[in-house]
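A.B. asks: Sharing a structure, written as structure tokens. Questions coming.
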Amino acid sequence: MAARASILALLLLLPNPLLIDRRPLAGESRLPSSDSPSSQSQAGSSAKRAGLRTIEFLPLGKSNTAAATYGSHNQKTAVTPSGIFAAFVDELGTSSARWRLMRTNDEGRTFTTVWTGRSSFGAPALESDRTNLFLAVPSESYPDGTFIRIDPEGRQPAVHATITGGGDGHYNLIYDAPRDRLLYAASVYTFLLDAGGSTLEKVQLFPFPSPGERLAEIAHYPLLARDAGLIALANTTTPYPGWTGPDGRPNNCYPSFGLLLSTDGGRSWEDPRSGRRLQLPIDAGQNGPSYHPLERAVTEIGERCMHNWLSGFLYKSGRILMGLRSYDKSGPHGASLQPIPDAIRFLSFDVVARTLDLPKKQAQLRGQELAVGSSQIFFTSGERPDDPVYVISAEVVSGGARMIVLVSHDLGDTWHDYAASEVVPDGYADSFYGLSATRRPAPDGSLYGTFTLVSPAADGPREVFFFRVRP
């Protein structure tokens, strides 16, 4: 019962309502498929006028939850030689969720369901070694996780494995190519997995919170990124057991995030500032030994909370790039829905120099005309050192909101406009909810990903979209 209660509590923290009735989605007809003539003429002509590539939206499915593609900002899309795969939750119940794995061989024009499963919350994080497809998700049977390996060509049967203790609602997965294994992160543990899902090592990063303890921070959503053989991990932190705003209502509050680095694939972790190996488990909060790149945040429960929501996370060529939205949650309940573009922050940590790149500390993610204005931020880049870095997010414009892509050829020193979608009428900053993309662009440079369309006025089934940006 306690486990189920914690799942329901997690759902209540999401910034959008999780509605389950089947009334039509308000404004549903105003976002046509990108392959329809009307969409092509609107989005295409807009992009051409601005000199931008077009972000195309293609329907993936429908869901009864705004969290259909949500989950620790992990990737719900993967590219293999045998097709593009995408996962989402199509039905969320009171104690479990049903997810679908979809496949397209025509860049999203058509999708077929290749797998369905159930979890305690969320759709699987997807990874690929360019041959096999790997899935990891909290299992329906709390507190474990589920691992699945699928050969898209069907040459060998699928492999199932249990990740013992890996079943909380905060999770991420990354393929460690140099070691040919995977790292699965939850809010307390990390798990080193072989390609068959067997747990090679289970590492406890953080202690479990003590009952009744207050004014302490605990780790929640993990983000993973890899640069050659080095792996970076960031965990958002939240007051424990919770935070109540001045209006007396509970609200989600994530004041900070800690940054850790591993040189051995996740067997041990160090402070990136000093290289000192940490004696685990450690306090995840700002009073602990992990490095918190932000200046100290205010965390007094019931008073104020500077909400620093980290979502963009990339490790490339010796730099850890971080994109986040910062704002004061001490206002009225629901204030998080108000777009605050000037609260978008971009940080860069130089792993070699072991310092935060201070000129970027207050920098925004802004191109010539486009500017990130949403807490939904996702970085992607190729493996080669000279591959460009893309940031995918959204901005509020006259009449609604649109998805945007910026590109950098100098690891974030400068950003340039790259792509934009048509405007979603009445959209707001986080309308492209649960936004994520593949960790690496496709071999031809295309960008693929998914999101769930939400709107403050919508009160029915949510539309889930696949998006693509051709080079």
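A.B. asks: Answer yes or no: is there a residue in the range 153-168 that is on the phi > 0 side of the Ramachandran plot, surrounded by fewer than 24 Cβ atoms within 10 Å (Cβ to Cβ), touching an Asp or Glu at 6+ places or on another chain (Cβ under 7 Å) and of a type outside the set (D, E, K, R). Explain how you work it out, then say what you get.
C.D. replies: The initial filter retains those residues of the range 153-168 that are on the phi > 0 side of the Ramachandran plot, namely 154, 165.
Imposing the further condition that a residue be surrounded by fewer than 24 Cβ atoms within 10 Å (Cβ to Cβ) reduces the set to 154, 165.
Filter once more, so that each one left must be touching an Asp or Glu at 6+ places or on another chain (Cβ under 7 Å): 165.
Retained after the next criterion (residues that are of a type outside the set (D, E, K, R)): 165.
Among the residues of the range 153-168, at least one is on the phi > 0 side of the Ramachandran plot, surrounded by fewer than 24 Cβ atoms within 10 Å (Cβ to Cβ), touching an Asp or Glu at 6+ places or on another chain (Cβ under 7 Å) and of a type outside the set (D, E, K, R), which makes the answer yes.
A.B. asks: Okay, moving on. What residue, among those in the range 413-432 that are of a type in the set (D, E) and closer than 12 Å to A394 by Cα, is modelled with the highest pLDDT? Break it down into steps so the answer makes sense when it comes.
C.D. replies: Residues of the range 413-432 of a type in the set (D, E): 413, 417, 422, 426, 430.
Now drop any that are not closer than 12 Å to A394 by Cα, which leaves 422, 430.
Details: E422: 95, D430: 90.
By that ranking, first place goes to E422.
A.B. asks: If I ask for residues that are modelled with pLDDT under 95 and among the acidic types (D, E), which ones from the range 117-172 would you list?
C.D. replies: Once the filter is applied, which keeps residues that are modelled with pLDDT under 95 and among the acidic types (D, E), the range 117-172 yields D129, E140, D144, D151, E153, D168.
A.B. asks: Counting residues that are hydroxyl-bearing (S, T, Y), which strands (runs of 3 or more DSSP E) fully inside the range 361-471 reach at least 1?
C.D. replies: Qualifying strands (runs of 3 or more DSSP E): 378-381, 389-397, 400-408, 416-420, 432-437, 447-453.
A.B. asks: When you check L193 against the structure, is it of a type in the set (A, V, I, L, M) and either under 28 Å from N105 (Cβ atoms) or crowded, with 17+ Cβ neighbours inside 10 Å (or both), yes or no? Break it down stepwise before answering.
C.D. replies: Details: of a type in the set (A, V, I, L, M): yes; either under 28 Å from N105 (Cβ atoms) or crowded, with 17+ Cβ neighbours inside 10 Å (or both): yes.
Taking the combined requirement at face value, the residue satisfies it.
A.B. asks: Out of curiosity, is P281 part of a loop (DSSP other than H, G, I, E, B), modelled with pLDDT under 90 and over 23 Å from the mean Cα position of the chain (by Cα)? Write out each step before concluding.
C.D. replies: Numbers: part of a loop (DSSP other than H, G, I, E, B): yes; modelled with pLDDT under 90: no; over 23 Å from the mean Cα position of the chain (by Cα): yes.
Here the answer is no, as P281 does not meet what is asked.
A.B. asks: Another question about this same structure. Is one or more of the residues making up the range 356-370 under 29 Å from Y171 (Cβ atoms) and in contact (Cβ under 8 Å) with a residue 60 or more places away in the chain?
C.D. replies: Yes, the range 356-370 contains at least one residue that is under 29 Å from Y171 (Cβ atoms) and in contact (Cβ under 8 Å) with a residue 60 or more places away in the chain.
A.B. asks: Cβ-Cβ under 8 Å, sequence separation 6+ or interchain: first residue in the range 289-315 and over 16 Å from H220 (Cα atoms) and modelled with pLDDT of 80 or more, partner among the hydrophobic types (A, V, I, L, M, F, W, C) and in a loop (DSSP other than H, G, I, E, B). Which pairs?
C.D. replies: Final answer for the pair search is P289/L278; P289/I282; Y315/V351.
A.B. asks: Out of T94, T65, which single residue is of a type in the set (S, T, N, Q), farther than 30 Å from R155 by Cβ and surrounded by 19 or more Cβ atoms within 10 Å (Cβ to Cβ)? Quick ask: steps written out before the conclusion?
C.D. replies: On the way: T94 fails: surrounded by 19 or more Cβ atoms within 10 Å (Cβ to Cβ).
When all the criteria are applied, what remains is T65.
A.B. asks: Condition first: out of contact with any strand residue (DSSP E or B) (no Cβ under 8 Å at 6 or more places or on another chain) and at pLDDT below 60. Now tell me which residues in the range 339-383 satisfy that.
C.D. replies: Start the filter on the range 339-383 by keeping residues that are out of contact with any strand residue (DSSP E or B) (no Cβ under 8 Å at 6 or more places or on another chain), which leaves 342, 352-354, 358-359, 382-383.
Within the range 339-383, just D342 meets the criteria.
A.B. asks: Just a yes or no: is a residue in the range 78-89 of a type in the set (S, T, Y), assigned to a strand (DSSP E or B) and crowded, with 20+ Cβ neighbours inside 10 Å? Step through it out loud before you land on a result.
C.D. replies: Let us first name the residues in the range 78-89 that are of a type in the set (S, T, Y), namely 80, 82.
Subsequent filtering for residues that are assigned to a strand (DSSP E or B) retains 80.
Restricting the remaining residues to those that are crowded, with 20+ Cβ neighbours inside 10 Å gives none.
No: the range 78-89 contains no residue that is of a type in the set (S, T, Y), assigned to a strand (DSSP E or B) and crowded, with 20+ Cβ neighbours inside 10 Å.
A.B. asks: Tell me the strands (runs of 3 or more DSSP E) entirely within the range 160-220 that contain at least 1 residues that are over 23 Å from the mean Cα position of the chain (by Cα).
C.D. replies: Hits in the range 160-220: 199-204.
A.B. asks: Out of all the residues in the range 164-196, which are small (G, A, S) and more than 14 Å from A125 (Cα to Cα)? Please lay out each step first, then the result.
C.D. replies: At the first step, the residues of the range 164-196 found to be small (G, A, S) are 165-167, 169, 177, 185-187, 195-196.
Those that are small (G, A, S) and more than 14 Å from A125 (Cα to Cα): G165, A177, S187, A195, G196.
The values are calculated or read from the model by the stated rules, or taken from the named source; none is laboratory data. None of these values were measured; they are calculated from a predicted model. Counting neighbours? That spans all protein chains shown, and the Cβs are built from the backbone with ideal geometry, glycine included.
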